[in-house]
Amino acid sequence: MIPFEKESLDSKSRRALVVHPDMVSLSQSALEHRLDEADGLALAIGLVATASHYFSVRKPKPATLFGSGQVDQIRDMMTEHEATILIVDGSLSAIQQRNLEEKLDVKVIDRTGLILEIFGARAVTAEGRLQVELAHLDYQAGRLVRSWTHLERQRGGFGFLGGPGETQIESDRRMIRDRMGKLRKDLAHLRKTRALHRERRQRAPWPVIALVGYTNAGKSTLFNRLSGADVFAEDLLFATLDPTMREFPLPGYDKAILSDTVGFVSDLPTQLVAAFRATLEEVSAADIVVHVRDISHEASDAQTRDVRKILADLGVSEEAGEGPPVIEAWNKIDKISVDDPQYIRISSRLPENVCAISAETGAGVDALVSRMAKTLSEGYKTEQVMVAASDGKLMAWLHENGRVLSSEQESDNLIVAVEMSPRNWGRYNALH
């Protein structure tokens with residue numbers, strides 16, 4: 001395979017052709033959405049999609065994915081548009097990628113590789129870089145096919161018997177395995193640190209609100225407006241990667257913690273979901289999840305299904321009653337004109353857990369903040385519990401996680417009336 005090195009790309013070699021293998025007979029609008037998204041992914045790492053096209057692939061070819069006639073058509077399109085990189089908006093096996101590169105004599109990168117390139121360029125924190133490197137090595141480990149002759153050379157043996165030694169490809173695989181093992185240990189350590197931070201936040205009386213959504217839905221813009229932060233927000237896919245937390249004022253509370261997470265995308269590589277699980281676990285540990293949707297996008301409903309699928313994998317599902325409550329923020333209403341089909345939708349009576357907003361202009365944001373505060377207070381109930389008079393640790397926990405209304409001595413125990421959220425009552429019952 002020809003290595004993909006964006007650092008070596010000049011202006012001419014940044015021209016790419018995007019092709020989508022349609023194996024499930026998507027609708028015309030869905031296909032156009034996929035191609036537009038792939039163009040955006042290419043732009044995110046400085047590539048220019050000079051043309052994009054989809055091919056119907058009823059029976060994928062093991063060697064090249066596309067049929068021979070389609071490969072010839074792709075070659076002609078590469079020549080016509082002077083493209084030097086082929087982006088396949090789908091998954092390629094190592095053999096398919098190598099064969100396409102040999103037949104077309106150009107660099108070939110699939111959707112997983114493209115997203116990994118973006119994440120590698122955007123990771124800033126140590127944890128983000130470790131997670132990206134682990135995902136990239138996991139992806140690369142399956143691509144150490146015998147593409148280069150040097151991988152077949154044997155290295156000398158050692159020890160008393162000597163022996164044939166190991167081939168270069170076996171050595172490379174061993175090095176990748178060793179490096180992945182070290183990365184997993186480092187991430188396990190960071191995961192423990194993150195869990196301690198999360199536990200410390202849970203002991204504090206401040207609620208945590210996590211922003212989630214499809215990439216480029218406007219999460220970072222909303223995050224900046226609510227918290228007054230200056231997180232990078234641009235009209236690019238995966239403009240931000242590393243999670244960020246900031247304080248922000250919330251009615252009825254001293255303060256709240258706002259968490260901005262990585263954006264989701266359809267067919268998010270499994271390597272990334274696995275590597276970023278520690279980061280994404282912040283979502284399931286939040287008190288409220290705010291799902292930011294780009295309601296002006298024609299594929300908004302399809303994007304929502306993708307986000308809900310990933311959230312369900314993380315244990316956050318409204319339908320199943322799992323995880324914290326979810327509020328939908330229908331963002332970018334400022335981009336919807338009166339004659340837009342979505343205008344009726346946002347003008348009608350919205351469900352109770354939905355707020356129509358514009359993070360850019362601030363329209364509807366105050367109503368969203370009020371909805372957050374109301375959702376946090378909904379379901380609070382007061383119960384009386386018996387606490388041993390000597391159990392200062394439990395009393396401190398009740399004060400930190402609820403509102404102690406009264407306390408009466410009865411023999412060696414205290415009868416305590418405390419008001420708490422359903423979630424904290426669940427935590428209390430789990431402790432006892």
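The values are calculated or read from the model by the stated rules, or taken from the named source; none is laboratory data. Since we're looking at a predicted model, the values are computed, not measured. Cβ: placed from backbone, ideal geometry, glycine included. Neighbour counts: every protein chain shown. Just so you know, the surface numbers come from the protein's heavy atoms only, side chains and all, with ligands and any DNA or RNA stripped out. Shrake-Rupley method; radii C 1.70, N 1.55, O 1.52, S 1.80 Å.
Quick notes on this one:
- Unique match (being in contact with a Ser or Thr (Cβ under 9 Å, 6 or more places away or on another chain), modelled with pLDDT under 60 and open to solvent by 40 Å² or more (accessible area, probe 1.4 Å)) among ARG122, ARG203, ARG153: ARG153
- Residue satisfying condition, being out of contact with any helix residue (DSSP H, G or I) (no Cβ under 9 Å at 6 or more places or on another chain) and not in a strand (DSSP E or B), within set THR375, THR382: THR375
Here is a yes/no grid of residues against (1) outside any loop (DSSP other than H, G, I, E, B); (2) under 19 Å from the mean Cα position of the chain (by Cα); (3) of a type in the set (A, V, I, L, M, F, W, C):
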| site | (1), (2), (3) |
| --- | --- |
| ARG308 | yes, yes, no |
| SER337 | no, no, no |
| TYR343 | yes, no, no |
| ALA359 | no, no, yes |
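- Hey, ALA135 within 30 Å of LEU187 (Cα to Cα), loosely packed, with under 15 Cβ neighbours inside 10 Å and out of contact with any Gly (no Cβ under 7 Å at 6 or more places or on another chain) or not: no
- Number of residues in the stretch 400-432 that are in a strand (DSSP E or B) and either open to solvent by less than 80 Å² (accessible area, probe 1.4 Å) or of a type in the set (Gly, Ala, Ser) (or both): the value is 11.
The rows are residues; the columns are (1) touching a residue at least 12 places away in the same chain (Cβ under 8 Å); (2) open to solvent by less than 20 Å² (accessible area, probe 1.4 Å); (3) not small (Gly, Ala, Ser).
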{"position": "ILE357", "(1), (2), (3)": "yes, yes, yes"}
{"position": "LYS381", "(1), (2), (3)": "yes, no, yes"}
{"position": "GLY392", "(1), (2), (3)": "no, no, no"}
{"position": "LEU398", "(1), (2), (3)": "yes, yes, yes"}
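- Listed here are the helices (runs of 4 or more DSSP H) enclosed by the stretch 45-134 that have at least 1 residues being touching an Asp or Glu at 6+ places or on another chain (Cβ under 8 Å), under 11 Å from VAL19 (Cβ atoms) and without any contact (Cβ under 8 Å) to a residue 60 or more places away in the chain, and there are none.
- Within the stretch 365-376, considering residues that are open to solvent by 30 Å² or more (accessible area, probe 1.4 Å) and either at positive phi or not small (Gly, Ala, Ser) (or both), the one modelled with the lowest pLDDT: LYS374
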